[in-house]
Amino acid sequence: MTPREPTAADPDQIRAELSGWTRQHWDPGMALRDWRELLLRAGWAAPSWPRRWHGRGLPAWADELVGSELIRLGAVGVPVGSGTWLAAPTILAHGPDELRDRLLAPTLTGEQTWCQLFSEPGAGSDLGGLSTSAVLDGDSWVVNGQKVWNTSAHHADMAMLLARTDASVPKHQGITYFALPMHQPGVQVRQLRQMNFHASFNEVFLTDARVPRDNVIGAVGAGWTAALTTLAYERRFSALRRPDYSPGPGRALDEARAEADDHFATYSWYPQRAGRPDLVVAHAKAAGVSDNPVIRQAIARLITMHRASAWTADRASAARAAGARPGAEGSIGKLAASTIARESAKVHSMIAAAGALLTGPDSPLHGIIAEILMSVPGQSIAGGTDEIQRNILAEKVLGLPADIRVDRDVPFSELRNRG
């Protein structure tokens, strides 16, 4: 089965064609991967992509429309996770064709799962200062270094890896973006225990790990450009929600629900990291302080900020639906999310007073408030710190002069050897 010519860019026509195709092919009793192979071959897995790479050449908004419509029809779409949300769009944008041909299909069917190996103990906000190295040795690159804060690395098949391939040039010019196979002796993954009692992240040690020579996303030395694409998609990653699959029986549905359970268990504390502004009114009522004028003002201020941020997100979503790639609006949303999270934690603390520090069944909201207070600081760090987002907005949107960076034109090897 080969994809048809691109469907006319009319939502109702797309829905009608998808509905007819789904009624003909969907069988909840089939294996999930078999179903996704059908989606792939028909161009419904990523309808906005070129036909050569499993799409239909439709506008960008068609991806969300088709995904939602498949669920409404009781079927299942592409896998959840960083493979489809981060790795695949980056590979599609930067290639090369051989890698697109080899990696996009198994990512869209769920055969390969992904994690992200960017940050290091000494290179977080200053990601360009990473020191993990990759040296070409025959038909493969030999990688040595350490990565940290890597979500789902303990069960990923592949990794989006940034490594330094040339230390003789300025730091951003000597980085290469790799597709690293995770299941090999040179890759050691350790889960990290957090102060909020979760273990969502990992540290990854790379010791003579091997990457096939052709597993370069983009070009050797051009990894920073590809990384910026991934980071732009990552800033909207947290806004993506668990699919509301049909509760009906069937192997494909069972496998899809299990896949989603496994993926989203990692993010079970993320609502608390966002501050839970949705709970402040109920919390105030439960605590008997909803008539307190100071607390009422604080709640009103928080809800105002939250709704304004949602409207900004809606505008960004409309821009993407019109075909625009994620841009500076992601930094605005990221900053707003950090501000709302901190303000939410403040309001919850005002309501609960000293009880906010308690955990257990008798604590405010059964310990959720304490978890909020421990989790909110991570909101200002994950996905690019607040300071980085302000720099992006200052330079890319406001046109302000860039920060003075004394390391901009200095070879990385000289930076590393200073002091």
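The values are calculated or read from the model by the stated rules, or taken from the named source; none is laboratory data. Keep in mind that what you see is a predicted model, and the values were worked out from it rather than measured. Because the Cβ atoms are built from the backbone with ideal geometry, glycine has one as well, and the counts that use them run over all protein chains shown.
Remark: Ala199 matches the filter, which requires a residue to be in contact with a strand residue (DSSP E or B) (Cβ under 8 Å, 6 or more places away or on another chain), more than 27 Å from Ile91 (Cβ to Cβ) and either buried (at least 19 other Cβ atoms within 10 Å of the Cβ) or of a type in the set (Gly, Ala, Ser) (or both).
Residues in the stretch 59-74 that are in contact with a Leu (Cβ under 9 Å, 6 or more places away or on another chain) and either farther than 13 Å from Tyr245 by Cβ or among the hydrophobic types (A, V, I, L, M, F, W, C) (or both): Leu65, Val66, Glu69, Leu70, Leu73. The set of residues from the stretch 382-403 being closer than 16 Å to Ser125 by Cα, out of contact with any helix residue (DSSP H, G or I) (no Cβ under 7 Å at 6 or more places or on another chain) and outside any helix (DSSP H, G or I) comprises Ala382, Thr385. You will find that of Val66, Val76, Val80, the residue that is under 17 Å from the mean Cα position of the chain (by Cα) and either closer than 26 Å to Ala319 by Cα or of a type outside the set (D, E, K, R) (or both) is Val80 and no other.
The set of residues in the stretch 166-186 that are within 20 Å of Ala123 (Cα to Cα) and surrounded by fewer than 21 Cβ atoms within 10 Å (Cβ to Cβ) comprises Asp166, Ala167, Ser168, Val169, Pro170, His172, Gln173. Among all residues of the stretch 97-120, there is at least one that is without any contact (Cβ under 8 Å) to a residue 60 or more places away in the chain, small (Gly, Ala, Ser) and within 22 Å of Thr165 (Cα to Cα).
A Cβ distance below 6 Å, combined with a sequence gap of six or more or placement on separate chains, defines the contacts here; from the stretch 176-200, residues that are under 12 Å from Val143 (Cα atoms) reach residues that are polar (S, T, N, Q) and not in a loop (DSSP other than H, G, I, E, B) in the pairs Gly186/Thr207.
Can you say whether Ala209 is within 26 Å of the chain's Cα centre (by Cα) and not in a loop (DSSP other than H, G, I, E, B), as far as the supplied structure shows? When the stated conditions are applied, Ala209 passes them. Among the residues of the stretch 43-91, those that are touching a His at 6+ places or on another chain (Cβ under 7 Å) and of a type in the set (Gly, Ala, Ser) comprise Gly43, Ala45, Ala46, Gly81.
Here's the yes/no breakdown for (1) modelled with pLDDT under 85; (2) over 28 Å from Ser331 (Cα atoms); (3) under 24 Å from the mean Cα position of the chain (by Cα):
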{"residue": "Gly367", "(1), (2), (3)": "no, yes, no"}
{"residue": "Asp386", "(1), (2), (3)": "no, no, yes"}
{"residue": "Gln389", "(1), (2), (3)": "no, no, yes"}
{"residue": "Arg405", "(1), (2), (3)": "yes, no, no"}
{"residue": "Pro411", "(1), (2), (3)": "no, yes, no"}
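Can you tell me which condition Arg405 does not meet? The list is (1) in contact (Cβ under 8 Å) with a residue 40 or more places away in the chain; (2) outside the structural domain of Ala298 (by TED's automatic domain parsing); (3) not hydrophobic (A, V, I, L, M, F, W, C), and all the others hold. The failed condition is (1).
Consider the stretch 132-151 and keep the residues that are buried (at least 21 other Cβ atoms within 10 Å of the Cβ) and either at pLDDT below 95 or in a strand (DSSP E or B) (or both). The one that is nearest to the chain's Cα centre (by Cα) is Asn150. Suppose the filter is without any contact (Cβ under 8 Å) to a residue 24 or more places away in the chain, of a type outside the set (Ser, Thr, Tyr) and closer than 25 Å to Phe412 by Cβ; does Ala123 pass it? It is true that Ala123 is without any contact (Cβ under 8 Å) to a residue 24 or more places away in the chain, of a type outside the set (Ser, Thr, Tyr) and closer than 25 Å to Phe412 by Cβ. Take Ser375 and tell me if it is assigned to a helix (DSSP H, G or I), hydroxyl-bearing (Ser, Thr, Tyr), more than 30 Å from Pro293 (Cα to Cα) and not assigned by TED's automatic domain parsing to the domain that holds Thr151. No: the conditions fail for Ser375.
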